[in-house]
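Step one of this worksheet: look at the structure below.
Just so it is clear, none of the values below were taken in a lab; they were calculated from the coordinates. Given the structure is predicted, the values throughout are model-derived calculations rather than measurements. Every residue, glycine as well, gets a Cβ built from its backbone with ideal geometry; the counts of neighbours run over all protein chains shown.
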Amino acid sequence: MTMGHWIIAPVVLPAFLAALSLLLARHGTTVARFLALGGTVALLAISVTLMIAASNGPPQLYRLGDWPAPFGIVLVLDRLSALMLVLTSGLALPVLVQAIVTGWDIRGRKFHALWLFQLMGLNGAFLTGDAFNLFVFFEVLLIASYGLMVHGGTGPRLRAGVQYIAVNLVGSTLFLFALGTAYAVTGTLNMADLAAKIPALPDGDQALMRVAAVLLMLVFAIKGALVPLHFWLPGTYAASPGVVAALFAVMTKVGAYAALRFGTLVFPPDLAVTSGLIGPLLLPAGLITLALGAIGILGAASLPRLAAYAALMSMGTVFTAMAAFTPWATMATLYYVIHSTLAGAALFLIADLVQARAPGSRLPGLLAALFMASAIATAGLPPLSGFPAKLMILQAQPLWPVWAVILGGSFLALLGLSRSGSALFWKPQGDAATLPLTQALIPAALLLALVALTVLAGPVTAWLAETARLLHDPAPYILANDLPGGA
Amino acid sequence: MEALVAITIGLLTAVGTYLMLRLRSFPVILGLTFLSYAVNLFLFAAGRLKAGAVPIVYTTEAPSDPLPQALVLTAIVISFGMTAVMVMMALGAWLELGHDRVDPDRDAPEDQG
């Protein structure tokens, strides 16, 4: 089934609706809410359709302006990009409902337009097959995230926003340096064309290409908050509104997605130019990130900060798993990405609900139950999907330092989560706070999705295994780009 | 010409990096601006340096590469917009907090996040 113009719909639809929302928002929030909700539902439907099409056939190409690759920009729909699209809209929909239910969306202005622009940037980054276009979509999603991050906020949050922007601008500059170097050496920025041209580089240019590869990975490490480039994450996520931080759970995964895409397509592990460069650099960085996140969970002074360090720890786990660059490890990475995105978002939403109650009040049992379930998911304990995910990662990376850090990190996270859980919820004194059932529904739904991910682990991993196999055999992806010379 | 361009890019990068490491948001913004100038020149040079060649085929014997020029245009627009956003945020933080230090102030409890 060829999807034709539907491939660009996940980018064009939110862009159009966001502009419309800006025009119509003066007529009240109902219109804006309707547009954002309708748009996100439509995005989910389109993404699922694209995913079905991608699972049943080879990667599909969309040429912007019908310019052939590598001269024009192309979007490529393959299983990985379809999976990330479904994950993005599948997370955005419940989180948007939660934003409306808790009233976060009307605490500042233009929330819904920014939300849609953020989705446009995310979807574009996942779909594009052009490295410079990836940079542009990074900027689109970042500029929307700046607005969402300071949504309805004052002084301290604005300053956390300034830090966040400064770090990301440095990242963008590095990205441009990397792209300039890659273009100077290969004369192309189409990802498939890069993959086809890099193995044939003359000796003199290989060192420059290695510089470009490391610079690119550095940029993705900034987006993915890998140590030592993680400093922006805890402050930013802890200062963001809970619902926005929940959406950001998928934004950090863009860094992981880009690293995985480049690490399998453009710089595959058996490539002579960058052999022994990317995996061995990512593995220790991922392990240190994991450990630091776990220690941060143990030492966090507030629940949003704890959730931010849990996000950091999950990114460390993702990069640790990815660093092996084998099909099995890639499958484990993808399964963990799905799990950690949903679990991280649930934790941020619950932290937001706790923050919204008066400090020192007696929190309702329902909230405690939700927190406990999300703590189980975050620490990776059975019966939720964090456990099979970590098990697969341990199998994929049978090295003792990896086992020690992952298991030790999980233990520290468990300690930290149970410490904050007991400090927050085991309080006999204080006024009883209430939790409307409507506000508890979405976090519960996200946790139920984790249950479903566990129950359906068999079919899901089978699908992911095929995705990983195709990622490590990028010939169909390159063929889909229809490059001149049949490369 | 190559040496001159290389020295210019290097100098701009060095100045940008130095200013970025300052503790106040104004020098940081200036530093980022210098860095983006450096990267724009760098992108431009990525299409090989050629004097007096137009980027249009069939007009000259050896036209220059038009793609880096398009990339530079995009990069300029994006960095311009991003700098504007950052100036607004820094101004907002300065007006509300009364100082423009980039790092959290250890004395003020509201900064501990």
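List of remarks:
- Scoring A:254-260, A:330-336, B:69-75, A:309-315 by mean Cβ neighbours within 10 Å over their residues and listing the highest first yields A:309-315, A:330-336, A:254-260, B:69-75.
- Relative contact order of the stretch B:2-108, pairs being alpha-carbon contacts under 8 Å that are 6 or more residues apart, as %: 25 percent
- Anisotropy class of the stretch A:13-92 from Cα gyration tensor, a/c 1.5 cut: oblate
- For chain A: relative contact order, % (alpha-carbon pairs under 8 angstrom, 6 or more apart): 15 percent
- Packing order of peptides A:90-103, A:192-205, highest average first: A:90-103, A:192-205 (average count of other Cβ atoms within 10 Å over each peptide's residues).
- Chain lengthening between B:A84 and B:I7 when straightened (0.36 nm per residue, less Cα-Cα): 24.9 nm
- Remark on the stretch A:116-165: ratio of C-alpha radius of gyration to 2.2 N^0.38 Å is 1.28.
- Highest-first arrangement of A:432-439, A:9-16, A:414-421, where packing means the average Cβ count within 10 Å: A:9-16, A:414-421, A:432-439
- Globularity ratio of the protein assembly as shown, using Cα Rg and 2.2 N^0.38 Å: 0.94
- For the stretch B:2-108, convex hull volume per residue from C-alpha positions, Å³: 93 Å³
- Among the residues of B:84-92, the average count of other protein chain beta-carbon atoms within 10 Å of the residue beta-carbon is 6.
- Whichever lysines have a C-alpha closer than 19 Å to that of A:K390, once near sequence neighbours (fewer than 8 apart) are set aside: A:K253
- Peptide-level mean, for B:11-18, of C-beta atoms on other protein chains within 10 Å: 1
- Distance between the stretch A:242-278 and the stretch A:75-142 - C-alpha centres, whole angstrom: 17 Å
- Taking only the C-alpha atoms of the stretch A:112-216, the Rg (one decimal) and the largest Cα-Cα distance, Dmax (whole number), read 16.8, 54 Å.
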